[in-house]
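Read the structure below first, then the notes.
The values are calculated or read from the model by the stated rules, or taken from the named source; none is laboratory data. It should be emphasised that the depicted structure is a prediction, and the values quoted were computed from it without experimental measurement. Reconstructed Cβ throughout: ideal geometry from the backbone, glycine too, with neighbour counts over all protein chains shown. Remember, those area values only see protein heavy atoms, side chains included, never the ligands or the DNA or RNA. Shrake-Rupley method; radii C 1.70, N 1.55, O 1.52, S 1.80 Å.
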Protein chains: 2
Amino acid sequence: MTGDTTVSGISIGILGGTGDQGKGLARRFALAGHPVLIGSRSAGRAQEAAESIGSGARGAENAVVATEADLVIVAVPYDGHKALLESLRTELAGKIVVDCVNPLGFDKQGAYALPVEEGSAAQQAAAVLPDSRVVAAFHHVSAVVLMDPAVEKVDLDVLVLGDDREATDTVQALASVIPGVRGIYGGRLRNAFQVEALTANLISINRRYKAHAGVRVTDV
Amino acid sequence: MTGDTTVSGISIGILGGTGDQGKGLARRFALAGHPVLIGSRSAGRAQEAAESIGSGARGAENAVVATEADLVIVAVPYDGHKALLESLRTELAGKIVVDCVNPLGFDKQGAYALPVEEGSAAQQAAAVLPDSRVVAAFHHVSAVVLMDPAVEKVDLDVLVLGDDREATDTVQALASVIPGVRGIYGGRLRNAFQVEALTANLISINRRYKAHAGVRVTDV
């Protein structure tokens, strides 16, 4: 979906890579042959997660990952999102930063979208990291599916949003290295809120249908 | 997707049925054998739209349609949404009211979601119509595809949201009378905003890929 954009060989850092979503993405990128750096507040926990994934993944503190990786994915809980990015502004300058954070709340009726002052987690990242190239993507990937060795092809489109065409092309190409996945351009960053929030609907769908629901875009 | 819920023979009224989205839905429901009533401020324009659709569709003023139809779809522009529903509160009492309104703004960068005081157009409808059974659905249907005689099967899932299980089951069954379409439960009404707003992303996708994009839910 992105012409001849190549992401061959680029190293991928994952902040919050010890969480389910980050670990699942780390696993798939490592399997696709990318150097993968898992970040965590604790280097020890990051190394444990990397070992559990294998395929050459390494673990380190978030700041080391932000410094060393070519492209950085932000997969931390929304709670710590803003503070972590503020602390890594220098390390992340000039880089493509892929935000896949879903600001959600949960109560007895299920999941719901939290309001975000900046509009969305991705716009919050862009506000905090004015010198980075912020892209929003990977919101709807199921951690369970990404971790499941029985799932060879992941039946899912990844919506990629951003205002920097070269950066969104790169992230679309990156999404497409996961077998079965297509990276589809999904609009500008100002339209990221609803893509993040749609995860609440997917959680409702999962509950109703006992599924790991994802989204495909038709006619593309 | 809804067990044995049957919608056989129920009549469908479409407020704002002379617009593209309403007319497209009217056409598909009429083709599926449902009595269809197209509503408009002007009975004359409603009748013209009904004639252009054929298949037994009839046209009348919105208030007549709201009174006569078993189930009423709201497909008016967001601008007039609240005022119209307020004016039809009595006529719509007790009925399933399906809101498919997308509150969007447009500028030179494309479409974006408008904030809605009540949370979403669907929640606005529920607030204005306390005695109706409000369901949100049909946000992502492409009017062009619905009107195209060459498209026999519409490649699309319709996300159906609401807090009244019997009502959402009915609307899921109704969506599924359109060949190719599945009606999928998509969560409670409090999660309608992002489904409405996602239409802005689909418009961006349409522009980038020269498509009439829709959404399919995977693993369901």
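Near A:His139, the amide H atoms lying under 5 Å from its own belong to A:Leu159; only residues 5 or more places off or on other chains count, and H is placed 1.01 Å from N. Treating r as the C-beta distance of B:Asp70 and A:Arg165 and R0 as 45 Å, the FRET efficiency rounds to 0.40.
Based on the Cβ-Cβ distance from A:Ala211 to B:Gln109, what FRET efficiency comes out when R0 is 35 Å, to the nearest 0.05? Taking R0 as 35 Å, the efficiency between A:Ala211 and B:Gln109 is 0.50.
When chain A is treated as a GNM with alpha-carbon contacts under 10 Å, the residue of A:Val101, A:Val64, A:Val144 showing the greatest mean-square fluctuation is A:Val144.
Within a 10 angstrom radius of each residue's Cβ in B:109-121, how many Cβ atoms of other chains show up on average? Whole number is fine.
2
Computed over protein heavy atoms with a 1.4 Å probe, the accessible surface of the stretch A:120-220 works out to 33 Å² per residue.
Each peptide in A:130-137, A:75-82 was scored by the mean count of other Cβ atoms within 10 Å over its residues; highest first, the order is A:130-137, A:75-82. Between amide H atoms placed 1.01 Å from N, distances below 5 Å from B:Ile73 occur with B:Gly13, B:Ile14, B:Leu15, B:Val98, all of them 5 or more places distant or on a separate chain.
Using a 10 Å cut-off on Cβ to Cβ distances, tally the other chain neighbours for every residue of B:178-191 and report the average as a whole number. It would help to have the intermediate numbers written out before the result.
Details: counts 0, 0, 1, 0, 0, 0, 6, 6, 8, 13, 7, 0, 5, 12.
The per-residue average across the peptide is 4.
Computed from backbone phi, the HN-Hα couplings of the stretch A:104-114 come to 10, x, 9, 9, 5, 8, x, 8, 8, 7, 8 Hz, rounded to whole numbers (Karplus: 6.51 cos²θ - 1.76 cosθ + 1.60, θ = phi - 60°; Gly and Pro given as x). Under the classification rounded if a/c is under 1.5, otherwise prolate if a/b is larger than b/c and oblate if not, where does the stretch B:1-97 fall, given a ≥ b ≥ c as square roots of the Cα gyration tensor eigenvalues? Oblate is the answer for the stretch B:1-97, as a/c is 1.5 or above yet b/c matches or exceeds a/b. Over 21 Å apart at the Cα level, from the set B:Lys153/B:Lys210; B:Lys95/B:Lys153; A:Lys23/A:Lys153, are B:Lys95/B:Lys153. Under the rule a/c < 1.5 gives rounded, and otherwise a/b versus b/c splits prolate from oblate, where does the stretch B:151-220 land using the Cα gyration tensor? It is oblate, given that a/c is not under 1.5 and a/b is not larger than b/c.
Classify the stretch A:101-148: rounded, prolate or oblate, from the alpha-carbon gyration tensor (a ≥ b ≥ c, eigenvalue square roots; a/c under 1.5 rounded; otherwise prolate if a/b is larger than b/c)? Because a/c hits 1.5 or more and a/b fails to exceed b/c, the stretch A:101-148 counts as oblate. Close amide H contacts of A:Lys95 (hydrogens built in the peptide plane, cut-off under 5 Å, sequence separation of 5 or more or a different chain): A:Arg133. Across the copies of the chain, A:Ala211 has label points (7 Å from Cα along Cα→Cβ) spaced 1.8 nm apart, shortest distance listed first. The value for the stretch A:92-197 of Rg(Cα) / (2.2 N^0.38 Å) is 1.10. Only alpha carbons enter this Debye calculation for chain B, each as an equal point scatterer, and the log10 of I(q)/I(0) it gives at q = 0.18 Å⁻¹ is -1.40.
With Cα atoms defining each centre, the stretch A:53-110 and the stretch B:154-168 are spaced 35 Å apart in the structure.
The 3J(HN,Hα) values that the Karplus relation (6.51, -1.76, 1.60; θ = phi - 60°) gives for the stretch A:135-140 are, in residue order, 10, 10, 6, 6, 6, 9 Hz. Gly and Pro appear as x.
Of all stretches in chain B that contain no GluC sites (Glu not before Pro) in a DSSP loop with at most 12 other Cβ atoms within 10 Å, the longest one is B:1-116. This model, with +1 at the C-beta of Lys and Arg and -1 at the C-beta of Asp and Glu, gives the stretch A:94-220 a dipole about its Cα centre of some 400 debye. Charges were assigned to the Cβ only: +1 to each Lys and Arg, -1 to each Asp and Glu. The resulting dipole of the stretch B:1-99 about its Cα centre is roughly 100 debye. What separates the A:Arg41 label point from its copies, with the point 7 Å along Cα to Cβ, is 5.8 nm, written shortest first.
Helices that extend 24 Å or more along their long axis by alpha-carbon positions and average at least -1.0 on the Kyte-Doolittle scale are, among the DSSP H runs of chain B, B:193-209.
Normalised by the number of residues in chain B, the average gap of Cα pairs under 8 Å and 6 or more apart makes the relative contact order 19 percent. Dipole size of chain B about its Cα centre, with +1 on Lys/Arg Cβ and -1 on Asp/Glu Cβ: approximately 540 debye, rounded to the nearest 20. Across the options B:Leu129, B:Thr170, B:Tyr185, the greatest Cα extent toward the positive end of the charge dipole of chain B (unit charges at beta carbon of Lys, Arg, Asp, Glu) belongs to B:Tyr185.
Could you give log10 I(q)/I(0) at q = 0.12 Å⁻¹ for the protein assembly as shown, computed by the Debye formula over C-alpha point scatterers of equal weight, without solvent? With one equal scatterer per Cα and no solvent, log10 I(q)/I(0) is -0.94.
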